[in-house]
Amino acid sequence: MTNLIDIKGVTHAYKTENGPLPVLENLNISVPEGDFCAVVGPSGCGKSTLTRLIAGLMKPDEGEVWLHGERVTSPRSTVGMAFQNPVLLEWRTILDNVLLPLEIVPNSMSKRQKQDRARDLLALVGLEGFEDKRPSELSGGMRQRASLCRSIVHKPDVLIMDEPFGALDAFTREDLWQTMHRLRAEEPFTGVLITHDLRESVYLADEVIVLSGRPATTQHVENVKLSGRTDLEVIYTQEATDILHRLRHQIEVAQGRAPEVAQ
Amino acid sequence: MKHWKKVATPTLAIIAFLAFWEFIVWFNNWPNYKMASPSDLIPAYGKYWNLFLIYGWQTLWRTVVGLIVAVIFGTLIGMIMGFSRAMRDALYPLLVGFNAIPKATVVPVIALIFIGQHDFNTILIAFMISFFPISVAVSIGLSTLEPEYRDILRSLGASKWTIFWKIALPKTLPEFFGALKVSVTLAFIGTNLMEIVEPHGRGLGHLFDSGKINADYPLMFAVLIALAFLGIVLYYIVVALEKIFAGWAERPQG
């Protein structure tokens, strides 16, 4: 299988008044096509910078970002993005919000086809009947569902998510996790999920990458194929618990609270 | 709120205000050269209704044109300041300084520079006094746009123009209309400054002046109320436009 995302030796620093602030240092990440990769790490370790680099919104100081065998130098329409803040446009209906990327990305769909596509996605995430509502009329979880629909409506190869469920309550979050599995089954895409929630990373991802503290580099890669199960119970299996333990330890190492020894 | 209530509430408030005014004048036994009462105004309107129509129209169209220029120019300045930090730093002190100058002192200067160009001068003052709130509102609206909104479109390869048209502009509309409501009343002040400080025989300001010269105090008060009326009409036109273009920003009251 080829790698859809290849991050090769990326180093990046922000310019501040007190000199350069390095956030990423010689970072290497590869995500095979169709895989779902979660990135976890201590706060402020440069995870959001990573999403902007992959999306082509920023250029790294050193190193290269490759998507689909092409070097990323500017934004490309084969990428979809979702943030912690659903950033829906308040003046548009939910349906028109989901349609937004199709107004920008060149495509050959008719108006009818676009609408059908958006309606199908909304139904898939459980927002049937809310197409004509405004974002202000929806709950936080529903808005995030609509935001997810918008991020994949143009069938991107890569979906980049920056803590998309971070602002939701625990139960809504679990609902959204299951929605993610449903979306992946219907809409194949390669995903990068930035998260603070280890359980979320283990439940959703195929591999979890632990970043070190700032400046961040790849500290640990954990393979988490949880026997292909997508029900929530899988989080409570011994297999998942072991992985969570290892990840927990790696985070503590990244935070500088534990020595890096084999458990 | 029910539909009839939307009309009835402000109407009742106006009637209450007029009744209070009438009462104050009656209670203090003020002669009409001190303070005319609403009942004095009716004969004034009856006597000069044709002048009110002619001068009122002159004031109205010049105010509206001044306001339109203020919207165009104010939005442009606001866009420049909203998109560029350097321009914001450069222009703010100039704008604040310019706005702090009393426009009554600018009127003679303008009247001298463009001597005899009465319509142009009046429009110019109406514009000068009313564009500032619009510039500030647009610049704040644009500069406070959350970066995620921009990223959503930028990551799809949208141009700057598309981002402005699809996100920045509609998101700024509620602030813009808020400022426009302030500017409407300011523009009337500007028009009348020119009409009163540099009399040239046009507009309600001129009618006010002739009331003063002839010691016709009810006429002077009648002009003030006519101006208030025009201001209210223009305000409600702005409210109607706001409903059409930025109605989404209104939340149902809890």
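The values are calculated or read from the model by the stated rules, or taken from the named source; none is laboratory data. Small disclaimer: the values here were computed from a predicted structure and weren't measured. Glycine also receives a Cβ, built like all others from the backbone with ideal geometry; neighbour counts cover every protein chain displayed.
General observations
- Residues that are surrounded by 19 or more Cβ atoms within 10 Å (Cβ to Cβ), more than 10 Å from chain A (Cβ to nearest Cβ) and not aliphatic (A, V, I, L, M) within the stretch B:122-163 comprise B:T122, B:F127, B:S130, B:F131, B:F132, B:P133, B:S135, B:S139, B:G141, listed in sequence order.
- So A:R145, is it farther than 25 Å from A:S48 by Cα, more than 14 Å from chain B (Cβ to nearest Cβ) and part of a helix (DSSP H, G or I): no
- Answer residue from the stretch B:198-251, given it is in contact with a His (Cβ under 9 Å, 6 or more places away or on another chain) and not in a helix (DSSP H, G or I) and is surrounded by the most Cβ atoms within 10 Å (Cβ to Cβ) among those: B:R202
Conditions (1) without any contact (Cβ under 8 Å) to a residue 40 or more places away in the chain; (2) in contact with a Ser or Thr (Cβ under 8 Å, 6 or more places away or on another chain); (3) part of a helix (DSSP H, G or I), marked per residue:
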{"site": "B:N32", "(1), (2), (3)": "no, no, no"}
{"site": "B:Y45", "(1), (2), (3)": "no, no, yes"}
{"site": "B:L51", "(1), (2), (3)": "no, no, yes"}
{"site": "B:Y55", "(1), (2), (3)": "no, no, yes"}
{"site": "B:I77", "(1), (2), (3)": "no, yes, yes"}
{"site": "B:D89", "(1), (2), (3)": "yes, no, yes"}
{"site": "B:F98", "(1), (2), (3)": "yes, no, yes"}
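The rows are residues; the columns are (1) under 30 Å from A:E90 (Cβ atoms); (2) touching a residue at least 60 places away in the same chain (Cβ under 8 Å); (3) basic (K, R).
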| residue | (1), (2), (3) |
| --- | --- |
| B:Y149 | yes, no, no |
| B:R154 | yes, no, yes |
| B:E175 | yes, no, no |
| B:H206 | no, yes, no |
| B:K243 | yes, no, yes |
| B:A249 | yes, yes, no |
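- The lone exception for A:S77 - which of (1) touching a Gly at 6+ places or on another chain (Cβ under 8 Å); (2) crowded, with 21+ Cβ neighbours inside 10 Å; (3) among the small types (G, A, S) it fails: (2)
- Of the strands (runs of 3 or more DSSP E) lying entirely inside the stretch A:168-256, not one carries at least 2 residues that are over 27 Å from A:N28 (Cα atoms) and of a type in the set (F, W, Y).
- Every pair of residues 6+ apart whose Cβ atoms lie under 7 Å, when the first sits in the stretch B:1-21 and is without any contact (Cβ under 8 Å) to a residue 24 or more places away in the chain while the second is surrounded by 11 or more Cβ atoms within 10 Å (Cβ to Cβ) and not in a helix (DSSP H, G or I): B:W21/B:S37
- Any hit, the stretch B:54-69, residues being over 24 Å from B:K181 (Cα atoms) and not charged (D, E, K, R): yes
- Put simply, of B:G78, B:G46 the only residue that is surrounded by 13 or more Cβ atoms within 10 Å (Cβ to Cβ) and not basic (K, R) is B:G78.
This table checks each residue for (1) more than 14 Å from chain B (Cβ to nearest Cβ); (2) farther than 18 Å from A:T78 by Cβ.
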| position | (1), (2) |
| --- | --- |
| A:D157 | no, no |
| A:I160 | no, no |
| A:A167 | no, yes |
| A:Q178 | yes, yes |
| A:A185 | yes, yes |
| A:T195 | yes, yes |
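Yes/no per residue for (1) over 25 Å from the mean Cα position of the chain (by Cα); (2) of a type in the set (F, W, Y); (3) within 25 Å of B:F83 (Cβ to Cβ):
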residue: B:P108; (1), (2), (3): no, no, no
residue: B:A111; (1), (2), (3): no, no, no
residue: B:Q117; (1), (2), (3): no, no, no
residue: B:P147; (1), (2), (3): yes, no, yes
residue: B:I152; (1), (2), (3): yes, no, yes
residue: B:S155; (1), (2), (3): yes, no, yes
residue: B:A158; (1), (2), (3): yes, no, yes
residue: B:F188; (1), (2), (3): no, yes, no
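- Scanning the stretch A:7-15 finds no residues that are surrounded by fewer than 23 Cβ atoms within 10 Å (Cβ to Cβ), within 14 Å of another protein chain (Cβ to nearest Cβ) and basic (K, R).
- Within the stretch B:144-151, none of the residues are hydrophobic (A, V, I, L, M, F, W, C) and outside any loop (DSSP other than H, G, I, E, B).
- Residues satisfying the stated conditions in the stretch A:35-49, i.e. modelled with pLDDT of 85 or more and away from every other protein chain (no Cβ under 14 Å): A:D35, A:F36, A:C37, A:A38, A:V39, A:V40
- Total residues in the stretch B:164-190 satisfying the condition of being within 12 Å of chain A (Cβ to nearest Cβ) and within 13 Å of B:F132 (Cα to Cα): the figure is 0.
- Reported count of residues in the stretch A:2-35, each being at positive phi and either in contact with a Phe, Trp or Tyr (Cβ under 7 Å, 6 or more places away or on another chain) or not in a strand (DSSP E or B) (or both), is 1.
- Positions within the stretch A:101-127 being within 11 Å of another protein chain (Cβ to nearest Cβ), among the aliphatic types (A, V, I, L, M) and part of a loop (DSSP other than H, G, I, E, B), in sequence order: A:V105
- Any hit, the stretch B:161-172, residues being farther than 30 Å from A:T51 by Cα and at pLDDT 90 or above: no
Condition check ((1) within 8 Å of chain B (Cβ to nearest Cβ); (2) over 19 Å from B:I163 (Cα atoms)) across all residues:
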| residue | (1), (2) |
| --- | --- |
| A:D61 | no, yes |
| A:E64 | no, yes |
| A:V72 | no, yes |
| A:R76 | yes, no |
| A:M81 | yes, no |
| A:N85 | yes, no |
| A:L89 | yes, no |
| A:D96 | no, no |
| A:L99 | no, no |
